[in-house]
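Colleague: Can you read through this structure? Questions will come right after.
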Amino acid sequence: MSLLTLLLFLVGFFLLIKGADWMVEGAAALARKLKVSDLAIGLTIVSFGTSAPEFVVNIIASLQGNGGLAIGNILGSNIANVLLILGIAASIRPLVIQQNTIWKEIPLSLLSAIILGVLVNDRLMDGGVALLGRGDGIILISFFIIFMYYTFGLAQMGDMPVDTEEIKDMPVWKAIVFTVVGLAMLPIGGQLIVDGAIEIAELFGVSDAVIGIVIVGVGTSLPEVAASAVAAYKGRTDIAIGNAVGSNIFNIFWVLGISSMIKTIPFDETLNGDVLMTIFASLALFLSAFVGKARHVGRGEGVLFLLMYVTYIVVRLAFGPL
């Protein structure tokens, strides 16, 4: 792998993440100018924007026939969202978990991982070919619509925190420029990442899926890292939890749903251990609400999450499929 390829791979992450950031800033500012409510902006533009990196990488990977990278990206991102990101956030400040998050959103995140495990294991279930097909995509999108309906209802009742304080006020022309330039940067960055990931996989003799889990999944989660860490530092710990859990639900139901509807994604059954790890991460977050101080993820649990994540990555790289 040439130094230029590595540089372009890193540039791809910069373009992808900064592009998503600018797109959200511009679109949110433009929506506010058009008198769209902050609630609607937070639940649509901001929420969809944080999943834009995963979405763009998945669309490009699936269109190029790199199903392992597409699914690995989502699994790696979802595991990192809980064990790495919430581990960091909880280490900064103990996280308070709202009642609705404990009993509805975290279980829905857990359910999304279980549903994904069922949908991709056609061979184990009925002897078919292991893949995520268009029918599976429709199922995932259907769950996503239900989730959005629930979220809007909850937010309108004031029972769900929506992060809109970072929406910047800017002139219409500037908002349009930010939106257009941000959107243009996304596919360029995504293509550079996919091409770089394939070359790195070939260099080290590992599958695209492993690179998706270990590198791309973490890289596309960087917006959530920043958002959750800042929210925790400011004491807005409910936002930190909401960012991570909401992103996990978006990634499976929305990103994989749309990706598989565009093009069927073959599933490598050696990734079943990583699917189980995704399920375990959501289950660990749920159980942490009842360990120690009720409805809290304390610093001890945060450190434990980080240790579990590091152990998982080391074992995954050293010994292969779980």
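Colleague: Among the residues of segment 292-305, what is the count of those that are among the aliphatic types (A, V, I, L, M), assigned to a helix (DSSP H, G or I) and either in contact with an Asp or Glu (Cβ under 9 Å, 6 or more places away or on another chain) or surrounded by fewer than 18 Cβ atoms within 10 Å (Cβ to Cβ) (or both)?
Modeller: From segment 292-305, those among the aliphatic types (A, V, I, L, M) are 294, 297, 303-304; that's our starting set.
Adding the requirement that they be assigned to a helix (DSSP H, G or I) leaves 303-304.
Subset that is either in contact with an Asp or Glu (Cβ under 9 Å, 6 or more places away or on another chain) or surrounded by fewer than 18 Cβ atoms within 10 Å (Cβ to Cβ) (or both): 303.
Total meeting the criteria: 1.
Colleague: When you scan segment 172-237 for helices (runs of 4 or more DSSP H) that lie fully inside it, which ones turn up with 2 or more residues that are of a type in the set (Gly, Ala, Ser) and surrounded by fewer than 20 Cβ atoms within 10 Å (Cβ to Cβ)?
Modeller: Numbers: elements: 172-204, 208-211, 217-220, 222-233.
Those helices (runs of 4 or more DSSP H) span 222-233.
Colleague: Can you find a residue that is more than 17 Å from the chain's Cα centre (by Cα), surrounded by fewer than 22 Cβ atoms within 10 Å (Cβ to Cβ), in contact (Cβ under 8 Å) with a residue 60 or more places away in the chain and under 22 Å from Gly182 (Cα atoms) anywhere in segment 33-40? Walk me through it before giving the result.
Modeller: Applying the first criterion (more than 17 Å from the chain's Cα centre (by Cα)) to segment 33-40 yields 33-40.
From what's left, surrounded by fewer than 22 Cβ atoms within 10 Å (Cβ to Cβ): 33-40.
Add one more test, that the residue is in contact (Cβ under 8 Å) with a residue 60 or more places away in the chain, and what stays is 33, 38-39.
Next, only the ones that are under 22 Å from Gly182 (Cα atoms) stay: 33, 38.
Taking every residue of segment 33-40 in turn, at least one turns out to be more than 17 Å from the chain's Cα centre (by Cα), surrounded by fewer than 22 Cβ atoms within 10 Å (Cβ to Cβ), in contact (Cβ under 8 Å) with a residue 60 or more places away in the chain and under 22 Å from Gly182 (Cα atoms).
Colleague: So, in segment 200-259, how many residues would count as being touching a strand residue (DSSP E or B) at 6+ places or on another chain (Cβ under 7 Å), at pLDDT below 90 and among the aliphatic types (A, V, I, L, M)? Steps first, please.
Modeller: Of the residues in segment 200-259, the ones touching a strand residue (DSSP E or B) at 6+ places or on another chain (Cβ under 7 Å) are 232, 237-238, 240-241, 256, 259.
Those left that are additionally at pLDDT below 90: 232, 237-238, 240-241.
Restricting the remaining residues to those that are among the aliphatic types (A, V, I, L, M) gives 232, 240-241.
Qualifying residue count for the region: 3.
Colleague: List the helices (runs of 4 or more DSSP H) that sit entirely inside segment 1-100 and contain at least 1 residues that are farther than 20 Å from Val218 by Cα. Lay out the reasoning, then the answer.
Modeller: On the way: elements: 3-33, 38-41, 47-50, 52-63, 67-79, 87-92.
By residue number, 3-33, 38-41, 52-63.
Colleague: Does Ile249 qualify as being touching a helix residue (DSSP H, G or I) at 6+ places or on another chain (Cβ under 9 Å) and surrounded by fewer than 24 Cβ atoms within 10 Å (Cβ to Cβ)? Give the derivation first.
Modeller: Numbers: touching a helix residue (DSSP H, G or I) at 6+ places or on another chain (Cβ under 9 Å): yes; surrounded by fewer than 24 Cβ atoms within 10 Å (Cβ to Cβ): no.
For Ile249, the condition - touching a helix residue (DSSP H, G or I) at 6+ places or on another chain (Cβ under 9 Å) and surrounded by fewer than 24 Cβ atoms within 10 Å (Cβ to Cβ) - is not met.
Colleague: Restricting to segment 198-238, count the residues that are among the hydrophobic types (A, V, I, L, M, F, W, C) and over 18 Å from the mean Cα position of the chain (by Cα). Talk me through it step by step, then tell me what you get.
Modeller: Going through segment 198-238, the residues among the hydrophobic types (A, V, I, L, M, F, W, C) turn out to be 198, 200-201, 203-204, 206, 209-211, 213-216, 218, 222, 225-227, 229-232.
Among the residues that remain, those that are also over 18 Å from the mean Cα position of the chain (by Cα) are: 198, 200-201, 203-204, 206, 232.
Count: 7.
The values are calculated or read from the model by the stated rules, or taken from the named source; none is laboratory data. These figures come from a predicted structure and were not determined experimentally. Using ideal geometry, Cβ is built from the backbone for each residue, glycine included, and neighbour counts are taken over all protein chains shown.
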